[in-house]
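For reference, the structure is listed below as structure tokens.
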Amino acid sequence: MKRKPLYLFALAFVAMLVCSCTEQYALQTNTFDEALVVEANITNEFKEQEIKISRSFRFEQADPVFETGATVTITDDSGNVYPFESQAEKYVSTAPFQAVAGKTYRLNIKTTDGKSYSSLGENLTAVNEMQSVVPTVEVKNGEKGVAIVVNSYDPQANSKYYRYEYEETYKIIAPEWNPEKAILLPPLEGNTHEEIGVVPRDPGETRTCYSTINSNEIIQTSTVGLSEDRVNFPVRFISNKNPIIMHRYSILVRQYVQTLAAHTFYKTLKQLSGNGSILSQTQPGFFYGNLKCDTNPNEKVIGLFEVTSVSSKRIFFNFTDLFPDDPTPPYFTNCDLKLYGFCFIPEIPECKGAALLIGIRGNDLLYAGNYYNFELDYEVYQMVPPICGDCTKFSSNVIPSFWID
């Protein structure tokens, strides 16, 4: 899953903030310090584990710099070594493996400049399977919608700290889809303007698409202070006016059980990233996790190495399942038909032949239909923005492997 990267919060012109599991330290300096930024989370899933390594960057820079050429391994206290290799700006384990209870794991990184970095030893957190993910109609801040609620329970009360990620997929049906499209043809004899023809649309230009979006925020909860380790927590709220649920919607929720240290780290990260002003009392900046530079103890390292148990569940629902009496949400954009008279007489306002040709040539207008105006003796074309008649303009027509209608 794609998470909100730690490097977004390591902006170079801001101050350093140091935190531990129990307390945060005051602002120290406003100077820029380049630092290694590490996002590492291995789980009890048997899979190719992934680690992201980059460098902190200045505010005026657009993107972080991926740390290339590093030697990355994870070791356990039984002497097993799990090597990683660079793939598409991340490091992926060369073979699938999973974290198991009772073992201690360490992350080791050696960069091309000869520096070595390592983590503290971490153990797998308590395993706690989600019981259910339930869509519930609610009103939040005066707005009606659906809350995606996670339910879980640990009778041993060993979990307590939870973090969530989700991946949502939704079905899109282009409201002004037409099996035909308009194309430009050479001018007829005696004319200087091109003509318009209507032909069958290519198979790739379809009516139905599917978009998938990953969560990009830190979502946490805790059962500390409650009478039992039972979670009933809304991870997502979607307005009933949001077009992503206008047809069919699916969400895959992942629940990570965290340590107190990891929970505090992410909680602090969320607090820092949520500030609206860099001049506010609490400022985003550098803060430490469980990683250090072995070759230079004074060097700053941003990030966290986690060994977490994870469980996941996927649900589907249709808009009419939850809102049978509510109007369907509006489409992603205004899809009102615009009429273009295919004629070139300036005195007639409905004559928009030149604009129509430009719109078709530049793929800025999509054919939705046509009819003949017998009174004025010209063809009228009904046109819409491309995304209204062809959802592949902003989505994919490939049906996801997990999709169920």
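The values are calculated or read from the model by the stated rules, or taken from the named source; none is laboratory data. Keep in mind the model is a prediction, meaning the values are calculated, not measured. Neighbour counts run over all protein chains shown; Cβ positions are idealised from the backbone, glycine included. The accessibility values were calculated without ligands, DNA or RNA, using every heavy atom of the protein model including side chains. Shrake-Rupley method; radii C 1.70, N 1.55, O 1.52, S 1.80 Å.
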Residue selected from the stretch 318-344 under the condition more than 28 Å from the chain's Cα centre (by Cα) and part of a strand (DSSP E or B), by the criterion surrounded by the most Cβ atoms within 10 Å (Cβ to Cβ): 340
Tabulated pairs, the stretch 287-305, first over 21 Å from residue 75 (Cα atoms), second open to solvent by less than 20 Å² (accessible area, probe 1.4 Å) and in a loop (DSSP other than H, G, I, E, B), C-beta under 7 angstrom, 6+ apart or interchain: 287/17; 300/35
Every residue from the stretch 77-112 that is charged (D, E, K, R), open to solvent by less than 60 Å² (accessible area, probe 1.4 Å) and assigned to a strand (DSSP E or B): 90
Residue list for the stretch 296-317, restricted to those being at pLDDT 95 or above and open to solvent by 30 Å² or more (accessible area, probe 1.4 Å): 312, 313, 314, 316
Residues of the stretch 345-368 satisfying the condition of being assigned to a loop (DSSP other than H, G, I, E, B) and either surrounded by fewer than 16 Cβ atoms within 10 Å (Cβ to Cβ) or hydrophobic (A, V, I, L, M, F, W, C) (or both): 345, 346, 347, 348, 349, 350, 362, 363, 364, 365
Cβ-Cβ under 7 Å pairs, at least 6 apart or on other chains, the stretch 117-135 side within 30 Å of residue 78 (Cα to Cα) and in contact (Cβ under 8 Å) with a residue 60 or more places away in the chain, far side among the charged types (D, E, K, R) and open to solvent by less than 30 Å² (accessible area, probe 1.4 Å): 122/306; 126/154; 128/154
Test result for residue 371, touching a strand residue (DSSP E or B) at 6+ places or on another chain (Cβ under 6 Å), open to solvent by 40 Å² or more (accessible area, probe 1.4 Å) and not in a helix (DSSP H, G or I): yes
Selection from the stretch 141-177 of residues that are in contact with a strand residue (DSSP E or B) (Cβ under 7 Å, 6 or more places away or on another chain), over 21 Å from residue 318 (Cβ atoms) and of a type in the set (D, E, K, R): 160, 163, 165, 176
Considering residues of the stretch 173-196 that are modelled with pLDDT of 95 or more and among the small types (Gly, Ala, Ser) only, the residue farthest from residue 354 (Cα to Cα): 174
Residue that is most open to solvent (accessible area, probe 1.4 Å) [pool: residues in the stretch 381-405 that are assigned to a strand (DSSP E or B) and touching a Cys at 6+ places or on another chain (Cβ under 9 Å)]: 396
Criterion (open to solvent by 30 Å² or more (accessible area, probe 1.4 Å) and part of a strand (DSSP E or B)) met by exactly one of 118, 132: 132
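Residue-by-condition table, conditions (1) of a type in the set (Phe, Trp, Tyr); (2) open to solvent by less than 40 Å² (accessible area, probe 1.4 Å); (3) in contact with a helix residue (DSSP H, G or I) (Cβ under 6 Å, 6 or more places away or on another chain); (4) farther than 30 Å from residue 325 by Cα:
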position: 229; (1), (2), (3), (4): no, yes, no, yes
position: 236; (1), (2), (3), (4): no, no, no, no
position: 240; (1), (2), (3), (4): no, yes, no, no
position: 248; (1), (2), (3), (4): no, yes, no, no
